[in-house]
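Read the structure below first, then the notes.
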Amino acid sequence: MGFGLSRRFRQLPIRRLPNSGSYTRFDYISIGSLCIHPGRKALKGWETIRQSWLQIFKATRYLEIDLDIMSVEVSGDLAYVVLVEKVMQVAGDRRLEASSMATNTFERMGGQWYLVHHHGSPIMG
């Protein structure tokens, strides 16, 4: 089963973030997708999600996300992945590190898996 999950995400050039389709190795569907970055409001639809990533990349010189996959469950054309995201970000002259617990929900359409929901919550302490 290929969700396009890699254990490490590194910042890609903005030109690799198309108007629709995918960023990194996750495919979002254009209508109805939801993304909740840790501590933020829910973002709905690909264009809104794309704009949030553009803002993150604009403010960040370097971004690295290590993934610790805890559980993968599949039922028919739906699947979810529960994981810990360990983020290291360089913004200006500051290096920031944080961890979040995340759930990614995927739907299989036309033989491809699409990320339809991402919810990240900060891990405190």
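The values are calculated or read from the model by the stated rules, or taken from the named source; none is laboratory data. Bear in mind the structure is a predicted one, so any value in this text is a computation, not a measurement. Cβ coordinates were reconstructed from backbone atoms using ideal geometry, including for glycine residues, and neighbour counts include every protein chain displayed. Note: accessible area is taken over every heavy atom of the protein model, side chains too, but ligands, DNA and RNA are not part of it. Shrake-Rupley method; radii C 1.70, N 1.55, O 1.52, S 1.80 Å.
Side notes on the structure shown:
- Residues of type aspartates and glutamates that LYS44 reaches as a straight line, Cα spacing below 15 Å, ignoring anything fewer than 8 places off in the same chain: ASP27
- A Förster radius of 22 Å, combined with the Cβ-Cβ distance separating ASP66 from THR105, puts the computed FRET efficiency at roughly 0.60.
- The 1.4 Å probe gives accessible areas that order MET109, MET124, MET88, MET70, largest first, as MET124, MET70, MET109, MET88.
- Scattering profile of the stretch 79-125 at q = 0.13, 0.15, 0.30, 0.31 Å⁻¹ [log10 I(q)/I(0), Debye over alpha-carbon scatterers]: -0.43, -0.52, -1.01, -1.04
- Extension gain, ARG95-MET124: 0.36 nm per intervening residue step, less the Cα-Cα distance, totals 8.6 nm.
- Rounded accessible area of ASP77 (nearest 10 Å², 1.4 Å probe): 80
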